[in-house]
Amino acid sequence: MALFSLREYPLAGKIVLLRVDFNVPLENGNVADNNRIKATLPTIHHLVEQGCTVILLTHLGKPGGKVVSSLRLDPVATELQQLLPDSQIIKLNDCIGKDIQDRIKKKKPPEIFLLENLRFYAQEEQNNPIFAHALASLAEMYVNDAFAVSHRQHASVDTITRFLPAFAGLLMEKEITYLSKALHPERPSIWLMGGAKLDKVDLLQQALRKADNVLIGGALAFPFLKAQGIPVGLSKCSSQSVEIVQKLLQHHPKKIILPVDFVVAESFSSRASAQVVTYNRIQHQQIALDLGPETIKLFKRYLRKGQTIVWNGPLGYFEWVKFSQATKEIGRFIGSLTATSIVGGGETAEAMRKFHLDHTFTHLSTGGGAALEFLAGKTLPGIAALERSYKKFRKIYR
Ligand code: 3PG
């Protein structure tokens, strides 16, 4: 994959539009989780050190093309200011237009500009070229460090690269480097798949192509049981997913490793009493909320052999202590291995942070949907746009 790298080009004094993904959770008007913001700091520092004027672009939530006060970026600006005490964060109340242009022209170091939520304009999600051009006219070059939104064909991710030389930011490079290791793994390669969403067929098929073994946990396990006629009680399972996994089981009977026991409850409640049962003993009034101790042991036996481990989706309902054991213990175990360990998908990363295990993994992707699409082998529009820009502008920049 040929992209412009920030490290290879003289940037001195340039005005740079830096697309980031600061789509972070807010609570009581404050940023509740700043990991996505922190992940972009190396790129911001790099640009500031080169004397660049940095103009940050991001979306937040789904305002649907109109101004929504609760989705203004002021809390993000406050958080960023705390993370960058040597800079002055100037939050602007719009992202295009003459006032914005004029303010940027009056820039003075150590100012860093944060433009208002891009999705206040419907044209952002419509990939509108006029809107993209209006953004592009604010700067001399564009950097995409927003891996997490690069699966969206939006104006600030895609069309903007038609107007400016477009570079991959340091976070973008890191995401591509590590997630690519999942697709071109050192073997044995073990994929661990869980989570509550059952719409991961593409990813499952990819796992079966790339991995030596695919370990199944979370709600993803239930269609696999049902496909073999094993009752799953009240555990979540659609008939469509049963049909799909039936075919996968037929084609890959040895590769797919299923749970041998579960922790079940009589109701979906954090206070429900929990009990361990073997996989074929889930009663009709029970709901399985975690993997049992024998499954944890079984999964460890496979994981121990892995040179590359890819994990998507928690193994149980980790939000409740009683049902968090498998996710926590397997997380701790993977962290203790020397294998390259890659976490793709927001929820698993969130679980590893909750258990203070994030630093024990080789890479935790900042992407949710983007990481899943990348791992499934799809071309992300944001990355394709960087490749096109490289081809178009490389002669000028060489
Ligand atoms: C994310 O949080 O996954 C990205 O920011 C994309 O957000 P979206 O699903 O609202 O497009």
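Computed from the coordinates by the stated procedures, all read-outs in this text should not be read as laboratory data. Remember, it's a predicted structure, so these values are computed and weren't measured experimentally. When we count neighbours, we look across all protein chains shown, and the Cβ atoms used for this are built from the backbone with ideal geometry, even at glycine.
Who wins for biggest fluctuation among ALA146, ALA351, ALA371 in a Gaussian network model of the chain, springs between alpha carbons below 10 Å?
ALA351
What percent does the relative contact order of region 257-302 come to when contacts are Cα pairs within less than 8 Å and at least six residues apart?
It rounds to 45 percent for region 257-302.
By a straight-distance test (C-alpha under 16 Å), which lysines pair with LYS38 as possible cross-link partners, with residues fewer than eight away in the same chain excluded?
The reachable lysines, counting only those whose Cα sits under 16 Å from LYS38, are LYS174.
Anyone know which of ILE104, ILE244, ILE160 comes out most mobile in the 10 Å Cα GNM of the chain?
Its mean-square fluctuation being the largest, the pick is ILE244.
So how tilted is helix 293-305 from the main axis of the chain? Cα-based, degrees 0 to 90, rounded to 10.
60 degrees
Between region 1-48 and region 82-155, how many Å separate their Cα centres?
12 Å
In the Gaussian network model of the chain, springs joining C-alpha atoms below 10 Å, which of GLY377, GLY306, GLY217 carries the largest mean-square fluctuation?
Looking only at GLY377, GLY306, GLY217, the largest GNM fluctuation is found for GLY377.
Kirkwood Rh, the chain, all Cα pairs: how many Å? Spell out each step's value before the answer.
On the way: mean 1/r = 0.0446 Å⁻¹.
Taking the inverse mean of 1/r over all distinct Cα pairs, the chain comes out at 22.4 Å.
As a test of the formula, what do you get for the chain when each DSSP H run with n ≥ 4 contributes -39,500 (n - 2.57) and the sum is divided by the residue count, at 222 nm and rounded to the nearest 500 deg cm²/dmol?
About -10500 deg cm²/dmol.
Can you work out the FRET efficiency for the pair VAL321 and ASP86, with r the C-beta to C-beta distance and R0 = 45 Å, to the nearest 0.05?
Details: r = 40 Å, r/R0 = 0.90.
The pair VAL321/ASP86 has a calculated efficiency of 0.65.
Past the 25 Å Cα-Cα mark, which pairs from LYS210/LYS236; LYS14/LYS91; LYS297/LYS328; LYS226/LYS297; LYS66/LYS391; LYS105/LYS391?
Distance filter (> 25 Å) returns LYS210/LYS236; LYS66/LYS391; LYS105/LYS391.
When only DSSP loop residues count, what GluC sites (Glu not before Pro) in region 1-62 have their Cβ near at most 15 other Cβ atoms within 10 Å?
Details: sites: GLU8, GLU27, GLU49; in loops: none.
Answer in residue order: no site qualifies.
Counting only C-alpha contacts under 8 Å and six or more residues apart, can you give the relative contact order of the chain as a whole percent?
Computed value for the chain: 17 percent relative contact order.
List, in order, the whole-Hz ³J(HN,Hα) value for each residue of region 351-356 obtained from phi through the Karplus relation with A = 6.51, B = -1.76, C = 1.60 and θ = phi - 60°; use x for Gly and Pro.
Values, residue by residue: 4, 5, 5, 4, 8, 6 Hz.
With angles folded into 0 to 90 degrees, how steeply does helix 239-251 sit against the dominant principal axis of the chain? Use alpha carbons for both and round to 10.
With rounding to tens, the tilt is 80 degrees.
So what is the relative contact order for region 89-194, in percent, with contacts set as C-alpha pairs under 8 Å and at least six apart?
Details: 106 pairs, mean separation 23.9, N = 106.
This gives 23 percent for region 89-194.
GLN283's amide H: which non-local residues (gap 5+, or another chain) put their own amide H closer than 5 Å, with H modeled 1.01 Å from N in plane and none for Pro or chain starts?
Answer set, sorted by chain and number: none.
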